[in-house]
Amino acid sequence: MKADFSATSPVDVAPHSGVSPDLSSLDRSLVTGVAWTAIMRWGSQVISWVSTLYVARILVPGDYGLVAMASIPIGLARLVEDLGLDAIIVQDRTLTRVQLARLAGAAILLGLFLTSLFVILSIPIAGYFNEPAVTALICVLSLTLLVDAFQVLPRALLQRDLQFRRLAWLYGLQALIGAAVAAICAAGGLGYWSLVISTLSGNIFLAMAMCWSRPYLPAWPREPGLLARSFLSGWHMIVSRAGWYAYSNADSMLIGRFLGKEALGMFGFAMTFAILPLQEVTTQVSKVTPGIFSSVQSDLVKLRRYFLILTEAISYLTFPMSCGLALTADDLVLFALGEKWTAVILPLQILCLYVALNTGQVLLAHVLMWTGRFRATMWLTLFALLVLPLSFYLGLPYGIPGVAWGWVVGFPLSVIPAFVLVFKILDIKWSAYAETLRPAVLACAGMVLLVLFVRQVMPETWPSAIRLALQVTLGALTYTAIMLTVFRSRVMGLYRIIQGSLKSQ
């Protein structure tokens, strides 16, 4: 029998009151995990963004373009350096202590191999971009591959054991260290090396802290037959991550090759600002969902409940921030970055539309991965790899705004198969899913109309800071008012889950 949620709010399905002790405990882990992650993430991000804006006023777009060129191949390797084993360790709760030690040893050996490989490949990669400076950048950044390999096992075990508070502290401290190092190095005149040194220092701290939190002794990966199932699933994860990274960075590869480092620097900043709302919200959730979803992977009702609740909660926060950022992009860029970054404004506005579309699908991959469907995830990622790079290439003749439109057009097409599969797994109707997004979409529509009116009547001669503050304040008040009046019952449903979880501690 199919469940029909079309007439009810997802948060009203199995509310906190009256749930089983097991579900109540998971609710508590979910809420406290997101809370601690958010507190540490946003607290550290305040300092991190102050550092980012400070560094941006010292460096030039070309500096960011050079680091972006070096980061593309290194970032791809970082996705496969752990053999996909961190996800396997979280999802597969039957692995023995010996198997875990051998998996950790395999990850470290791969990290050492990849570091050596990229030192060798640094010259031809720099030749692709026609930028000799990229050679040294790749050699230094390749050290992160070895450093990160040491944290694969402790990080996965902390996630699996729902140790979200400790993870939040470690990630928060990593961000603070990276921000401080970047600002100090930039002030010292190190240029683009400021960005590289800050990345490496943050990773070294995190690896040491993870190993201190969950000490372990890696073992040589002998008897590979005992690890065959994990390696096969890990292979599917590697292909998925490589495919995701390839299509996620195909825009930068094309821009860097055909439009140059200045255009790449501009586009990179536009993307950084555009994905900020989604990133800041989903980062909190993605740190928690592996442990939660893997805990309920065999219970369809619970898994469906968490999927719908989290989707609605994410939309409440991400939709208004994306819409607001698109509306105020001109004033924000002028205020935060200055006149030299005005080319960022149009692609930023376009990419905000992509981020809004992206909001509705962020949990699809989580459902597939943490229920063990690694092979399906791989094929869906490869499908997206066919669609998105073609979209970016077709947009190239129109400059970086054209590439941004490639995201808006290509991304919805690429995720349709994932929606179909996940809805079949969870037994969800499209009408039920649309209902989870309805409050945020309608409230955002009201907010957009008001902000557009304010922009029409507000004098253009006012300073960017004042214009920005007025638009943000009125937009936030309008959105909040609509949510608390028109959709009060929906908001209170989520509030009751949070309140009940905190009281049960």
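The values are calculated or read from the model by the stated rules, or taken from the named source; none is laboratory data. Bear in mind that the values here come from a model prediction, so they are computed numbers and not experimental data. Glycine gets a Cβ as well: all are built from the backbone with ideal geometry, and neighbour counts include every protein chain shown.
Checking L206, L167, L195 one by one, the residue that is assigned to a helix (DSSP H, G or I) and farther than 29 Å from A106 by Cα is L195 and no other. Of the residues contained in region 143-159, one or more are found to be touching a Pro at 6+ places or on another chain (Cβ under 9 Å), part of a helix (DSSP H, G or I), buried (at least 18 other Cβ atoms within 10 Å of the Cβ) and among the aliphatic types (A, V, I, L, M). When A175, A182, A207 are checked against the criterion of being in contact with a Phe, Trp or Tyr (Cβ under 6 Å, 6 or more places away or on another chain) and not β-branched (V, I, T), A207 stands alone in meeting it.
Hey, does region 97-115 have a residue that's without any contact (Cβ under 8 Å) to a residue 60 or more places away in the chain and of a type in the set (S, T, Y)? Yes, that holds for at least one residue.
Kindly indicate whether any position in region 119-131 is part of a loop (DSSP other than H, G, I, E, B) and among the small types (G, A, S). There is no residue in region 119-131 that is part of a loop (DSSP other than H, G, I, E, B) and among the small types (G, A, S).
Per the listing L259, L264, the residue uniquely surrounded by fewer than 20 Cβ atoms within 10 Å (Cβ to Cβ), modelled with pLDDT of 85 or more and touching a Gly at 6+ places or on another chain (Cβ under 9 Å) is L259.
Screening region 175-192 for residues that are of a type in the set (G, A, S) and part of a helix (DSSP H, G or I) and picking the one that is surrounded by the fewest Cβ atoms within 10 Å (Cβ to Cβ) gives A187.
The set of residues in region 334-357 being farther than 30 Å from Y433 by Cα and surrounded by fewer than 22 Cβ atoms within 10 Å (Cβ to Cβ) consists of L334, F335, A336, L337, G338, E339, K340, W341, T342, A343, I345, L346. Go through the residues of region 360-372 one by one and say whether even a single one is among the polar types (S, T, N, Q), touching a residue at least 60 places away in the same chain (Cβ under 8 Å) and outside any helix (DSSP H, G or I). Yes, the conditions are met somewhere in region 360-372. Condition check for L494 on (1) exposed (fewer than 15 other Cβ atoms within 10 Å of the Cβ); (2) more than 28 Å from F269 (Cα to Cα): one failure, at (1). Within region 172-227, the set of residues being touching an Asp or Glu at 6+ places or on another chain (Cβ under 7 Å) and farther than 18 Å from L143 by Cα comprises just one member, G191. Residues being closer than 24 Å to R438 by Cβ, out of contact with any strand residue (DSSP E or B) (no Cβ under 9 Å at 6 or more places or on another chain) and not in a helix (DSSP H, G or I) are entirely absent from region 295-311.
Residue-by-condition table, conditions (1) basic (K, R); (2) assigned to a helix (DSSP H, G or I); (3) within 20 Å of the chain's Cα centre (by Cα); (4) buried (at least 18 other Cβ atoms within 10 Å of the Cβ):
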site	(1), (2), (3), (4)
S391	no, yes, no, yes
G406	no, yes, yes, yes
P417	no, yes, no, no
K424	yes, yes, no, no
S431	no, yes, no, no
P439	no, yes, no, yes
G446	no, yes, no, no
R455	yes, yes, no, no
A465	no, yes, no, no
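If a residue must be modelled with pLDDT of 70 or more and closer than 17 Å to E312 by Cβ, how many such residues does region 290-299 contain? Number of matching residues: 1.
For region 113-151, the tally of residues that are small (G, A, S) and farther than 11 Å from P73 by Cα stands at 5. For F319, the conditions (1) buried (at least 19 other Cβ atoms within 10 Å of the Cβ); (2) closer than 21 Å to H236 by Cα all hold with the exception of (2).
Evaluation of A228 against the conditions (1) among the hydrophobic types (A, V, I, L, M, F, W, C); (2) more than 30 Å from V415 (Cβ to Cβ); (3) modelled with pLDDT under 85; (4) under 22 Å from the mean Cα position of the chain (by Cα) shows that the sole unmet condition is (4). If you go through region 90-131 and pick out every residue that is over 21 Å from I238 (Cα atoms) and either buried (at least 20 other Cβ atoms within 10 Å of the Cβ) or hydrophobic (A, V, I, L, M, F, W, C) (or both), you end up with 8. Among the residues of region 160-169, what is the count of those that are buried (at least 22 other Cβ atoms within 10 Å of the Cβ) and either free of Cβ contacts under 8 Å to residues at least 24 places away in the same chain or over 26 Å from V98 (Cα atoms) (or both)? So the answer is 1.
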